[in-house]
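Working notes for the structure below.
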Amino acid sequence: MAITIFPTVEKCASIGREKDTVVADMDGTLLRGRSSFPYFALVAFEVGGILRLLFLLFSSPLAGLLYYFVSESAGIQVLIFATFAGMKVSDIESVARAVLPKFYSEDIHPESWKVFSSCGKRCVLTANPRVMVETFLKDFLGADLVLGTEIESYKGRATGFVKKPGVLVGKNKGDALKNAFGETKPEIGLGDRHTDFPFLALCKEGYIVPPKPEVKAVTTSKLPKPIIFHDGRLVQKPTPIMALLIILWIPVGFILACLRIAAGSLLPMPIVYYAFWALGVRVIIKGNPPPPVNKSDNKSGVLFICSHRTLLDPIFLSTALGRPIPAVTYSVSRLSEIISPIKTVRLNRDRALDASMIKKLLQQGDLAICPEGTTCREPFLLRFSALFAELTDELVPVAMVNKMSMFHGTTARGWKGMDPFYFFMNPSPAYEVTFLNKLPYELTCNSGKSSHEVANYIQRVIAATLSYECTTFTRKDKYRALAGNDGIVVVEKPKIKKSIMGC
């Protein structure tokens, strides 16, 4: 059959569809990309590490040959086996919840989305494993029903095989649609290839989404739900070429990261700035840094209020100032404390004890704090804890922003001890440190402002500087969304303490 037996999606009316049902394929239809390899690669790397990613990459040529010369189903089964075999199903679900939505959301096809979002009931029928895609489709695209390939498992681990009737392609898609809707025909069907014809023929209207590599993806702001929190180490979608580059770079990058960390930890702080630049780490300083407080004046030290991008924020603050600035921390790994070139002091999460400790540290000199309590990768600021505003009037906001091209230097699900290594493993990471004006006395607590007013004002000032958006989300909100714990690091072991779902 020729693909022209169905009209293209541009001819589908999207007005007045509130009572209609739409059934759409995923790869090449809802998504611009026709290949699911990058998303399997994300699962492989985030759960199985570099060796699993390497195994998947080596298996992909076989998958491609089977896809083109045997069947689409055979090719997908190879990808599923290479990615999932032996993995805990709970780990796959974790990646599907915390990692994949960010990448899926950046590849939504505009024409398909216009039709899909206009319908009152939305169903997705896909060859992808349901465990990989269901969370994104329901939580972020508003899908009511997701029909996908079901994977087999044994004692909580995926076997790498699929359940009957097999991969949902061709006739299996048509059968799945009949089982779900019975004799009722959905109003609209959207697909992109001939193996979608069986289910398109069961819809009142069928439309094909032609491949158009140049079409721009829907901006994430137009999706029903913004992605504020996401996890995972990889910055870019791992296409086969990118996956190969990542595998080849990691050994080199780790050695380079060790050199950069050693330079930051062992060299005097006044020359760390120059050492970083020599090692490919860019530090951009904006604004006017305040001079160090003269201890003989018996004045309180300056409290630097920093936006929180990675645990390295206070270190790059110290690099920009040319002198070590101690930092109070909420929860970092013991390894990070050991290799830190600055003094770090753990907060106890007891308001009275923390306030007393911070006051003592300020009596000794300047101090850095990140009142968000946890990092956020997207252009948002989390709610600022107001405790710092009650302790001193010497408040200097600092807008921190970083740039990474290959690896994220934060994690909610993994071992936080690797965070600095992953940041410095980027080929040319960058930190931009912007010093804002010291908070005027009339805007401090001693002038009559409440601590919450002061904290909210500083949050707005930093957000305006960075063109970020203020939110009321907290640390717990983040870990509830991503990791299923409260975000507290157990000191004795390189793991995150399991608890109720948190940020």
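The values are calculated or read from the model by the stated rules, or taken from the named source; none is laboratory data. Note that the structure is predicted; figures quoted are calculated from it, not measured. Virtual Cβ from ideal backbone geometry, glycine too; neighbours counted across all protein chains shown. Each accessible area value is taken on the protein alone, full model and side chains, heavy atoms only, with ligands, DNA and RNA left out. Shrake-Rupley method; radii C 1.70, N 1.55, O 1.52, S 1.80 Å.
List of remarks:
- Per residue, the solvent-accessible area of the chain (1.4 Å probe, heavy atoms of protein chains only, all protein chains present) comes to 44 Å².
- Take the Cβ atoms of L244 and K216, set R0 to 22 Å, and the FRET efficiency comes out at 0.25.
- With 10 Å bins beginning at zero, the pair-distance distribution over Cα atoms of the chain amounts to 4, 18, 26, 22, 15, 10, 5, 1, 0 %.
- Residues of the stretch 297-330 with amide N under 20 Å of the 7 Å Cα→Cβ point at N437: 302-307
- Accessible carbon and sulfur surface of the chain relative to its total accessible area, %, 1.4 Å: 58 percent
- Tensor-based shape of the stretch 1-76 (alpha-carbon gyration tensor, a/c under 1.5 rounded, otherwise prolate or oblate): oblate
- Dipole size of the chain about its Cα centre, with +1 on Lys/Arg Cβ and -1 on Asp/Glu Cβ: approximately 700 debye, rounded to the nearest 20.
- Dividing the summed -39500 (n - 2.57) terms of all DSSP H runs of n ≥ 4 by the residue count of the chain sets its mean residue ellipticity at 222 nm at -11500 deg cm²/dmol.
- Tensor-based shape of the stretch 341-443 (alpha-carbon gyration tensor, a/c under 1.5 rounded, otherwise prolate or oblate): prolate
- Between 0 and 90°, nearest 10: helix 49-69 axis offset from the chain longest Cα axis: 20 degrees
- Within straight-line cross-link reach of K343, lysines at Cα separation under 23 Å, skipping those fewer than 8 residues along the same chain: K295, K299, K359, K360, K416, K493, K495
- Accessible-area value, W113, 1.4 Å probe, nucleic acids and ligands omitted, Å²: 20 Å²
- E152 sits among other residues whose Cβ lies under 11 Å from its own Cβ, and their net charge, with Lys and Arg +1 and Asp and Glu -1, is +2.
- Three semi-axes describe the equivalent ellipsoid of the stretch 171-282; taken as square roots of 5 times the Cα gyration tensor eigenvalues and ordered largest first, they are 52, 17, 14 Å.
- Order of exposure, largest accessible area first, which applies to L347, L382 with probe 1.4 Å: L347, L382
- Counting only heavy atoms of the protein chains and using a 1.4 Å probe, E106 has close to 80 Å² of accessible surface.
- Under the combined filter of DSSP loop state and at most 15 neighbouring Cβ atoms within 10 Å, the stretch 101-199 retains these trypsin sites (Lys or Arg not before Pro): K155, K163.
- Antiparallel DSSP beta bridges within the chain, percent to nearest 5: 30 percent
- By the rule of a C-alpha distance below 16 Å, with chain neighbours fewer than 8 residues away ignored, the aspartates and glutamates paired with K286 are D313, E432.
- Cα→Cβ-extended label distance, 7 Å offset, between S90 and E469, nm: 3.3 nm
- Linear extension gain, K204 paired with L267, 0.36 nm per residue minus alpha-carbon span: 15.6 nm
- Cα gyration tensor shape of the stretch 1-148, rounded if a/c is under 1.5, else prolate or oblate by comparing a/b with b/c: oblate
- Spin-label pair A278/E18, simplified geometry with 7 Å Cα→Cβ offset, distance in nm: 6.8 nm
- Solvent-accessible area of F58 with every protein chain in place, 1.4 Å probe, in Å² to the nearest 10: 150 Å²
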